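S.K.: I am attaching a structure below and will ask some questions about it afterwards.
The values are calculated or read from the model by the stated rules, or taken from the named source; none is laboratory data. The structure displayed is predicted, hence computed values, not measured ones. Heads up, the Cβs are rebuilt from the backbone with ideal geometry, glycines too, and the neighbour counts pull from every protein chain shown. Accessible surface is based on the protein model in full, side chains and every heavy atom, while ligands, DNA and RNA are left aside. Shrake-Rupley method; radii C 1.70, N 1.55, O 1.52, S 1.80 Å.
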Amino acid sequence: MSSPDSRAPDLNRLYADHLTTLKRRADEALARGGFDHLVVPSGTQHYQVFDDRDYPYAVNPQFKAWLPLTRVPNSWLVYTPGERPKVVYHQPFDYWHVVPDAPSGWWVEHFDIVVIRKPEEALQQLPKNASRCAILGEPQSALGNYGAFKPNNPEAVINYLEYQRSYKTPYELALMRDAQRRAVRGHRAAERAFRAGASEFGIHLAYCQAVGQDAGELPYNNIVALNEHGAVLHYTELGRLPPKPVRSFLLDAGASCHGYASDITRTYAADTASEFQALIDAVDQAQLGMGRKVRDGVDYKQLHIDAHITLAGILKDFGVLKVSPETALETGVSAAFFPHGLGHPIGLQVHDVAGFAESDRGGKIARPPGHPYLRMTRVLEPGMVVTIEPGIYFIDMLLEEVKQKGHADSVDWSRIDAFRPFGGIRIEDEVLCTDGEPENLTRPAFAEAA
C-alpha cells in the first residue's frame, strides 16, 4: 500500500482544484445570505463539569472541509470572495501539552497564515464588522467582549454549503479511499484476533494498533460484538473476557484520513461450516447486489424498501419467516429483523449532512412511513458517497413486539431460537454514485490488502 506521503504530489493538484470548488460554493452561499465574509472557527476544547479534564477535541466539520487540520483548536478560517483566504493558526506557548506543529503540507501555499499564541489574539485577524460575516461554528467559539464575535450560522449559508458537500471532489475521494485502506488493515487484524480467541477489548486494541489510531482519532466508537452482543446495534461496551463458547463476531469500525471518515462492517462465524456462516454469505451477496443499484436518478428510499424485501426473502429461505417478503414488509415484521436504515451519506462526518435535504435552499424529504431510522431520503446523483449496510438481527425486544402485534404466526420460533445466540449480521460498504457504474470503495481495499 502506498503511504500518504508518496501520494502528496497528487494531493497538491487535487487540493488546489478542491479549494477552487470550495471558493465557488462559498461565493454563492455568501451571496444568498447577504454576507461579505465566511468565517469558520476550528472549535474549542470542552471540559467536564466540575473538573479540569477535557473531552476529546472534535474539529468543526465546516473548518476541515477547507483544511486537512483536525487538531488545531482555537484556529480560524477567513474567506472573502476575490481575496486569498486566511488561516489564523493557534500555536500556543504551552509546556503542559503538545503544541501543533508549524503549518506545513500541501495546503499552506494557498493561504495567508497568521500564527497566534493566545485564542483571543484571533480577534485582531478577523473582519472588523461581525455583522457582515457568516460565522459557522459552535457558540463556545465566540470572541470579544460579551461574545461580540460569535457564530450566527445563517440558515441560507449552511443549507447551501451542506447540500453541496454531498458531491465529493476528487481530493475528497482520494482521502476517503485512503481511509478505507486504513480501516481494512484494522478489520483484518481484528478478524485474526477473533480467530485467536481474543476478547472484545483485545480485538479493539488489535484494531487500533493496525490502523494506527486511538479511540479519540477514529471517526466513531468501534462496535466490537461477540455472540449475542451483535444484536445490539451500537454495542460499544468492549467486554474484557471472551464468552464461552464464541460463536460469532460483528465489527463495525472505520478510520480517519485528514478529517474524512470510513465506515465498514463485517460479520464472521466461528464455525465457517455452520448455518450461521451460510446466512452471513447470503447477506453478503445481497449487499453486493444492493450496492450495484447505487446509480444516478435512483431514489435511496426505494433502495431501502427493496432491501427489506431482499432480506425478508433470505429469512424465508432459511425458514425463519413463514410469510412472503411482501407480507413481512407490509405488516412491519421485516423491521423486527432489519430495524435500521440501509445506510447514510458519508464524508467529513460518518453520518454526513444533507441526507434529507429537499434542495440547496432547505426543506426536508420525509422518511417512508414505518421506517423512522433511515438516514438518507434523497435521489442519488453522481459524486454522492453512501453506505450500504443491510442487516439481519435477532433482537429479543423487537421479536416480542412481533408477538404483541399479533404476527407470531409469521415466524418459526424454533428457527429464531437457533439463530438467537449469534446476535446478528451486518455487512457495510461505501459506494460512490457515478455517471455510470457505481464504484464500491470498500471491496477493492479488502482485495488489495489480501
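S.K.: With each label point set 7 Å from Cα along the Cα-Cβ vector, what nm distance links Gln48 and Asp36?
M.R.: The modelled label-to-label distance comes out at 4.5 nm.
S.K.: Please get the size of the charge dipole for segment 201-310, origin at its Cα centre, with Cβ charges of +1 on Lys and Arg and -1 on Asp and Glu, quoted in debye to the nearest 20.
M.R.: Value, rounded to 20: 60 debye.
S.K.: Tell me the trypsin sites (Lys or Arg not before Pro) within segment 103-196 that lie in a loop according to DSSP and have at most 16 other beta-carbon atoms within 10 Å.
M.R.: Details: sites: Arg117, Lys128, Arg132, Arg165, Lys168, Arg177, Arg181, Arg182, Arg185, Arg188, Arg192, Arg195; in loops: Arg117, Lys128, Arg165, Lys168.
Passing sites in segment 103-196 are Arg117, Lys128.
S.K.: Find out how many positive minus negative residues lie around Gly347, taking Lys and Arg as positive, Asp and Glu as negative, among other residues whose Cβ is under 12 Å from that of Gly347. Before the final figure, lay out the partial values.
M.R.: On the way: positive: Lys64, Arg165, Lys168; negative: Glu162, Glu172, Asp263, Asp352, Glu430.
Cβ neighbours under 12 Å give a net charge of -2.
S.K.: Taking a ≥ b ≥ c as the square roots of the eigenvalues of the Cα gyration tensor of segment 300-395, is the shape rounded (a/c under 1.5), prolate (a/b larger than b/c) or oblate? List each step's numbers first, then the result.
M.R.: Values: a/c = 2.62, a/b = 2.08, b/c = 1.26.
Prolate, since a/c reaches 1.5 and a/b exceeds b/c.
S.K.: Let me ask something additional. Kindly rank 28-40, 254-266 from highest to lowest mean number of other beta carbons found within 10 Å of each residue. Provide the component values of the computation, followed by the final result.
M.R.: Numbers: 28-40: 20.1, 254-266: 24.5.
Highest to lowest by the protection proxy: 254-266, 28-40.
S.K.: Excluding residues fewer than 8 places away in the same chain, name every one of the lysines whose C-alpha is closer than 27 Å to that of Lys316.
M.R.: By straight Cα distance, Lys316 reaches Lys293, Lys301, Lys403, Lys405.
S.K.: When Lys and Arg each count +1 and Asp and Glu each count -1, what net charge do the other residues less than 10 Å away from Gly332, Cβ to Cβ, add up to?
M.R.: Values: positive: Lys405; negative: Glu330, Glu401.
It works out to a net charge of -1.
S.K.: Given R₀ = 25 Å, FRET efficiency for Thr20-Asp296 by Cβ-Cβ distance, to 0.05?
M.R.: Numbers: r = 24 Å, r/R0 = 0.96.
Computed FRET efficiency for Thr20 and Asp296 comes out at 0.55.
S.K.: Continuing with this model, one more query. Helix 200-211 versus the longest principal axis of the chain: what is the Cα-based angle in degrees, 0 to 90, to the nearest 10?
M.R.: The helix 200-211 is inclined about 50 degrees to the chain.
S.K.: Taking Rg/Rh (Cα atoms, Kirkwood Rh) straight from the coordinates, which label in (i) 1.00; (ii) 0.93; (iii) 1.07 is the correct one?
M.R.: Read-out from the structure maps to (i).
S.K.: Let me have the relative contact order for the chain, percent, based on Cα pairs under 8 Å that are six or more residues apart. Each step should come with its number before you reach the end.
M.R.: Working: 877 pairs, mean separation 67.0, N = 450.
Reported as a whole number, the value is 15 percent.
S.K.: Also, I was wondering about something else. Would you be so kind as to identify which of Val232, Ile346, Gln45 lies farthest towards the positive end of the dipole of the chain, taking Lys and Arg as +1 and Asp and Glu as -1 on Cβ and the Cα centre as origin?
M.R.: In the chain, that residue is Gln45.
S.K.: May I pose another question? Which loop-located GluC sites (Glu not before Pro) does segment 206-245 contain, where loop means any DSSP state but H, G, I, E or B and the Cβ has at most 13 other Cβ atoms within 10 Å?
M.R.: Details: sites: Glu217, Glu228, Glu237; in loops: Glu217, Glu237.
For GluC sites (Glu not before Pro) across segment 206-245 that sit outside H, G, I, E and B with at most 13 neighbouring Cβ atoms in 10 Å, the list reads Glu237.
S.K.: Could you identify which residue out of His46, His351, His308 has the top mean-square fluctuation in a GNM of the chain using Cα springs shorter than 10 Å?
M.R.: Per the Cα network of the chain with a 10 Å cutoff, His46 tops the list.
S.K.: Could you report the chain's accessible area per residue, 1.4 Å probe, as an integer in Å²?
M.R.: Working: 19960 Å² over 450 residues.
I get 44 Å² per residue for this part.
S.K.: With r defined as the distance between the Cβ atoms of Tyr95 and Tyr373 and R0 fixed at 51 Å, what FRET efficiency is calculated, to the nearest 0.05? Present the calculation step by step, with values, prior to reporting the outcome.
M.R.: Details: r = 47 Å, r/R0 = 0.93.
According to the calculation, E is roughly 0.60.
S.K.: Rounded to a whole number, what % of the accessible area of segment 167-449 do carbon and sulfur atoms account for, probe 1.4 Å? Numbers along the way, then the final one.
M.R.: Details: 5750 of 11030 Å².
Ligands and nucleic acids excluded, carbon and sulfur give 52 percent.
S.K.: Relative to the first principal axis of the alpha-carbon coordinates of the chain, what is the inclination of helix 170-195, with its axis defined by its Cα atoms, in degrees from 0 to 90 and to the nearest 10?
M.R.: Helix 170-195 sits at roughly 40 degrees to that axis.
S.K.: Still on this structure, I have one more. Evaluate the charge dipole of segment 178-251 about its Cα centre and quote only its size in Debye, nearest 20, assuming +1 on the Cβ of each Lys and Arg and -1 on the Cβ of each Asp and Glu. List each step's numbers first, then the result.
M.R.: Values: 9 positive and 7 negative charges, 70 e Å.
Charge dipole, segment 178-251, about its Cα centre: 340 debye, nearest 20.
S.K.: Could I ask something else about it? As a test of the formula, what do you get for the chain when each DSSP H run with n ≥ 4 contributes -39,500 (n - 2.57) and the sum is divided by the residue count, at 222 nm and rounded to the nearest 500 deg cm²/dmol? Please report the intermediate quantities before stating the final value.
M.R.: Working: 12 runs with 148 residues, N = 450.
The helix-only estimate for the chain comes to -10500 deg cm²/dmol at 222 nm.
S.K.: Under the 0.36 nm per residue contour assumption, what length would be gained going from the current alpha-carbon distance of His351 and His234 to full extension? Intermediate results must be reported in sequence, preceding the final value.
M.R.: Details: separation 117, 0.36 × 117 = 42.12 nm, distance 1.39 nm.
So the chain would gain 40.7 nm between His351 and His234.
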